[in-house]
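Read the structure below first, then the notes.
The values are calculated or read from the model by the stated rules, or taken from the named source; none is laboratory data. What you see is a predicted model, and the numbers here were worked out from it, not measured in a lab. Don't worry about glycine lacking a Cβ; one is built from the backbone with ideal geometry, like all the others, and counts go over all protein chains shown.
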Amino acid sequence: MGHTITEKILAVHSGQSSVVPGDIVMADLDLVVDLDIVFGITGGHQTPTRVFDPDKIVVVADHTVPAPSIAAANAMKRMRQFVDRFGIEKFYDEGRHGIAHVVLGEDGLALPGMTLACDDSHSCSSGALNCLARGLGLADMMYALCKGQAWYMVGPTVKLILDGDLGERVYARDILHHIAHIHGAFPGRNLEWDGDTISAMPMQGRFTLATLSAELSAEFSLFRHDDVLASYLDGRASKPYEPVDPDPNATYEQTIRIDVSDLEPLVVLPHKVAHNACPATELSETKIDQAFIGSCANGRIEDFAIAAEIMAGRQVAPGVRMIVTPGSQSVFMEAMAKGYVATLMDAGAVVTNSTCGACYGGHMGVLGDGEVCITASTRNFQGRMGSAEADIYLGSPATVAASAVRGVITDPREI
């Protein structure tokens, strides 16, 4: 019997010849990623007497950077003390910082065939790199920091085969919205992406699909190692790596085939993701107060390029706030060099430093009571971006930018 990518990586890292769905394994971790925000949770981040390997630990300031409060500043102080105490060199402090799931790829730290644990639920983003990655809870993360291991239930895998060419102003994000709307969530399942559409898809789109797999309740979301990924990692990988592909006769719980050619820009309605989307054209009378582009899902240079193209020569509609946040300071610098930042600011947008702030409702774009936001970030549950009385719609960067210009949710093909 053949095995999936998830099964093969977990088998190797748990010292077994093979694993199957239903097995519980204790796997060695190649990388453990700790974030600033957990240092501010009361009782959430204890100080261990030792860590398993400082060279395999990455600490990233991304949620509360720059510190928006005294409490956050004190948490950041504890984070720096932790780094100093254990001599952790892979430290992304202010100035060098970025959203963890972005910088892990940029700097070639998350690599094919590796196992990665992080105290953030969107860690599955690194699955675009053929890396087995997911978030862990606080207790499991502390064990991972101390012992370099984590336990996993081996789940069944669903194979998603995408074929066809995306239409005008239709993006990877719209594919994810379609899958969520038609097929719902995949709790306890792993996802594997395949097909001609995936083979032709650049890394930015793959990162979006892998990241937003968390909104499908997937455990792991993995892509093959192919020419696109190899090219991305060329000159970027921090060390040699061994990619893992599924066996030709791998067993899947389900295979879903999707022709993306007929997809259109889709918007997820407020409060949940599964079975909750509609075409952007059906929301043309929905007025917005805020438009946001950023996060680990859509804060890369390609997203800036899309937004800048739509905003060039136009203005943000009266009464609308447009906020754009780069996924890393490196993205910010590149966006400035290419003129995207100037174009967006000329249009009336606010471009912030790299941070998770607006996405999780902490700072840099918090929503007030009764406000409506369309966002190219990750989540839309009540209270996610601020007030629990706000409505959050999810759309692609193109849909968000077009909506910012019109002041109502807008199909980007109309701009």
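The condition (being buried (at least 24 other Cβ atoms within 10 Å of the Cβ) and in contact with a Cys (Cβ under 7 Å, 6 or more places away or on another chain)) is satisfied by just one residue among 328, 377, 396, 403: 377. Residues that are over 16 Å from residue 113 (Cβ atoms), small (Gly, Ala, Ser) and either outside any loop (DSSP other than H, G, I, E, B) or in contact with a Leu (Cβ under 9 Å, 6 or more places away or on another chain) (or both) within the stretch 214-229 comprise 214, 218, listed in sequence order.
Scanning the stretch 160-184 for residues that are of a type outside the set (Lys, Arg), over 17 Å from the mean Cα position of the chain (by Cα) and more than 9 Å from residue 260 (Cβ to Cβ) turns up 160, 161, 168, 181, 182, 183, 184.
Look at (1) surrounded by 17 or more Cβ atoms within 10 Å (Cβ to Cβ); (2) not in a helix (DSSP H, G or I) and you find that residue 232 fails only one, number (2). Contact annotation: residue pairs with Cβ atoms under 6 Å, 6 or more positions apart or on different chains, pairing a residue in the stretch 312-326 that is of a type in the set (D, E, K, R) with a partner that is in a loop (DSSP other than H, G, I, E, B), are 314/347.
Condition test on residue 118, is it farther than 22 Å from residue 65 by Cα, touching a residue at least 40 places away in the same chain (Cβ under 8 Å) and not assigned by TED's automatic domain parsing to the domain that holds residue 298? So residue 118 does not fit the description; no. Only a single criterion out of (1) in contact (Cβ under 8 Å) with a residue 12 or more places away in the chain; (2) in a loop (DSSP other than H, G, I, E, B); (3) surrounded by fewer than 23 Cβ atoms within 10 Å (Cβ to Cβ); (4) on the phi < 0 side of the Ramachandran plot is not satisfied by residue 55, namely (2).
Does the stretch 345-355 contain at least one residue that is surrounded by 22 or more Cβ atoms within 10 Å (Cβ to Cβ), in contact with a strand residue (DSSP E or B) (Cβ under 7 Å, 6 or more places away or on another chain) and among the hydroxyl-bearing types (Ser, Thr, Tyr)? So far as the stretch 345-355 goes, yes, one or more of its residues are surrounded by 22 or more Cβ atoms within 10 Å (Cβ to Cβ), in contact with a strand residue (DSSP E or B) (Cβ under 7 Å, 6 or more places away or on another chain) and among the hydroxyl-bearing types (Ser, Thr, Tyr).
What is the residue count in the stretch 153-185 for residues that are assigned to a loop (DSSP other than H, G, I, E, B) and touching a strand residue (DSSP E or B) at 6+ places or on another chain (Cβ under 6 Å)? Break it down stepwise before answering.
Of the residues in the stretch 153-185, the ones assigned to a loop (DSSP other than H, G, I, E, B) are 154-156, 164-171, 184-185.
Checking which are touching a strand residue (DSSP E or B) at 6+ places or on another chain (Cβ under 6 Å) leaves us with 155, 164.
Count: 2.
Among the listed residues 211, 197, which satisfies the condition of being of a type outside the set (Phe, Trp, Tyr) and either within 28 Å of residue 20 (Cβ to Cβ) or part of a loop (DSSP other than H, G, I, E, B) (or both)? It is 211. The C-beta contact set for the stretch 374-397 (first residue assigned to a helix (DSSP H, G or I), second residue among the acidic types (Asp, Glu), distance under 9 angstrom, 6+ apart or interchain) comprises 397/302; 397/303.
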